[in-house]
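K.L.:
Pasting in a structure now, in structure tokens, and then I'll have a few things to ask.
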């Protein structure tokens, strides 16, 4: 149950971090008298394509969260404000997060496709693009245009037959480490923010801080170093991923024998073995801190300081063997569903969303909206959680292994006790134990799953080559 709740919340994390305004979990409330506290400039739509009068202006959005204002998040998003000024409208059709692809498949089989669908790294690409659920976007997106050219390099990673299937709107940080500055000071520990600014926020300093904090527990006090979502990002801070695309072979290949993973897995193994890791599920930083957890790792949605709190946020620690900063990113994008014919409205929506994340005034409005809904965040926290890891200082990492096959990539279909597909499971399982309570080693995990990974990749590559040869 803990893992099931974790996975549901992580889906929410990807949804909530893509825009400063956020999306609530409540139902749409179009009759609300709420007045937006942050206004968007009236001329903000000047550079956005119009929807012709004769075109259908309503887009059906099949998802497990609403783009429209909700009772939980009444401040209207900047992109939606722009789209409505262009005459557009978003119709929300709700689906379950765990069965979203099944529901989409059923709509396609009945020749009743929605128009747009949320991009998720898990399964969307390349798997469901190869299966024909989505259509290329090149007819409505010009990646050489000023609006899109900064995303062209990333979009080029999501091509089939030289056609782009993903138009990245913006990037977001999937998980950050939050901590209580007062707790750090009380335990004479360095402020991680200062360590980061000095270039000293690494695996080693992170581990040493947890070790010192936990070692100083008195009497019956139990302390923990870390809780939350961090293990995959430690692996990926090496700049490597479990699955890679081999351009020479034009196929996806396993990378699980990379020696950098031996180092990353060894670090995580020690974190678990020495009792630093609290594996319980906490839905907020507040809940974790009440359990004497030093660092809580999660997306913005779970970082909710209250009045009087003195918190800090830092990105995931850097691999000490490298001077390069790597970060795993979330990508905001809306897939164009195969069979949708509303090209003009989809084009307009894409541009509204992109404008909201590139125009300085629109971005500032989005930031202001964030602080309306999260008033006790500080500028320092916002910078570390939303800006620093997305800067040019970081090399962005994407693991295609999250989108290969049901067995390898789809947590929603997983039948094991932790409800994890093989690739996500590999990233976290040196911190788990077997039925006899014996902690898994990286060597054991490789031996157990290498055959499965190779077999699934073989089957997918066969399907992939069949698709691109059509």
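K.L.:
Somewhere in region 98-109, is a residue under 17 Å from residue 410 (Cβ atoms), touching a helix residue (DSSP H, G or I) at 6+ places or on another chain (Cβ under 9 Å) and part of a loop (DSSP other than H, G, I, E, B)?
P.N.:
The answer is yes; a qualifying residue exists.
K.L.:
Moving on to the next point. Can you pull out every residue in region 169-197 that is outside any strand (DSSP E or B) and either within 15 Å of the chain's Cα centre (by Cα) or closer than 15 Å to residue 381 by Cβ (or both)?
P.N.:
The answer is 169, 174, 175, 181, 182, 184, 191, 192, 193, 194, 196, 197.
K.L.:
Scan region 333-344 and tell me whether some residue there is in contact (Cβ under 8 Å) with a residue 12 or more places away in the chain, touching a helix residue (DSSP H, G or I) at 6+ places or on another chain (Cβ under 6 Å) and not in a helix (DSSP H, G or I).
P.N.:
yes
K.L.:
Could you list, in sequence order, all residues of region 207-231 that are in contact with a helix residue (DSSP H, G or I) (Cβ under 8 Å, 6 or more places away or on another chain) and either within 17 Å of residue 315 (Cα to Cα) or not assigned by TED's automatic domain parsing to the domain that holds residue 288 (or both)?
P.N.:
Within region 207-231, 207, 209, 210, 225, 226, 227, 228, 229, 231 meet the criteria.
K.L.:
Looking for whichever is more than 15 Å from residue 227 (Cβ to Cβ), outside any strand (DSSP E or B), in contact (Cβ under 8 Å) with a residue 24 or more places away in the chain and assigned by TED's automatic domain parsing to the domain that holds residue 109 here; the options are 353, 264. Which one fits?
P.N.:
353
K.L.:
I'd like the full set of residues that are surrounded by 14 or more Cβ atoms within 10 Å (Cβ to Cβ) and either at pLDDT below 95 or within 20 Å of residue 411 (Cβ to Cβ) (or both), limited to region 427-447.
P.N.:
Those that are surrounded by 14 or more Cβ atoms within 10 Å (Cβ to Cβ) and either at pLDDT below 95 or within 20 Å of residue 411 (Cβ to Cβ) (or both): 427, 428, 429, 430, 431, 432, 440, 445.
K.L.:
Can I ask one more? For the condition without any contact (Cβ under 8 Å) to a residue 12 or more places away in the chain and either surrounded by fewer than 23 Cβ atoms within 10 Å (Cβ to Cβ) or more than 30 Å from residue 105 (Cα to Cα) (or both), what is the one hit in 319, 287?
P.N.:
Going through 319, 287 in turn, the sole match is 287.
K.L.:
Also, quick follow-up: Could you check how many residues of region 130-168 are out of contact with any helix residue (DSSP H, G or I) (no Cβ under 7 Å at 6 or more places or on another chain), outside any strand (DSSP E or B) and either in the same structural domain as residue 209 (by TED's automatic domain parsing) or within 18 Å of residue 470 (Cβ to Cβ) (or both)?
P.N.:
Total satisfying the criteria: 6.
K.L.:
Taking the condition crowded, with 22+ Cβ neighbours inside 10 Å, in contact (Cβ under 8 Å) with a residue 40 or more places away in the chain and more than 30 Å from residue 109 (Cα to Cα), does residue 296 pass?
P.N.:
yes
K.L.:
Quick test of your reading of the structure: residue 238 fulfils all but one of (1) surrounded by fewer than 22 Cβ atoms within 10 Å (Cβ to Cβ); (2) free of Cβ contacts under 8 Å to residues at least 60 places away in the same chain; (3) in contact with a strand residue (DSSP E or B) (Cβ under 9 Å, 6 or more places away or on another chain). Name the failing condition by number.
P.N.:
Condition not satisfied by residue 238: (2).
K.L.:
Any idea which residue in region 46-85 is modelled with the lowest pLDDT, counting only those that are part of a loop (DSSP other than H, G, I, E, B) and closer than 16 Å to residue 333 by Cα?
P.N.:
Selected residue: 77.
K.L.:
Is one or more of the residues making up region 378-385 out of contact with any strand residue (DSSP E or B) (no Cβ under 9 Å at 6 or more places or on another chain), surrounded by fewer than 22 Cβ atoms within 10 Å (Cβ to Cβ) and under 30 Å from residue 194 (Cα atoms)?
P.N.:
Yes - at least one qualifying residue is present in region 378-385.
The values are calculated or read from the model by the stated rules, or taken from the named source; none is laboratory data. Just so we're clear, the structure is a prediction, and the values are computed from it rather than from any experiment. Every residue, glycine among them, receives a Cβ derived from its backbone with ideal geometry; neighbour counts consider all protein chains shown.
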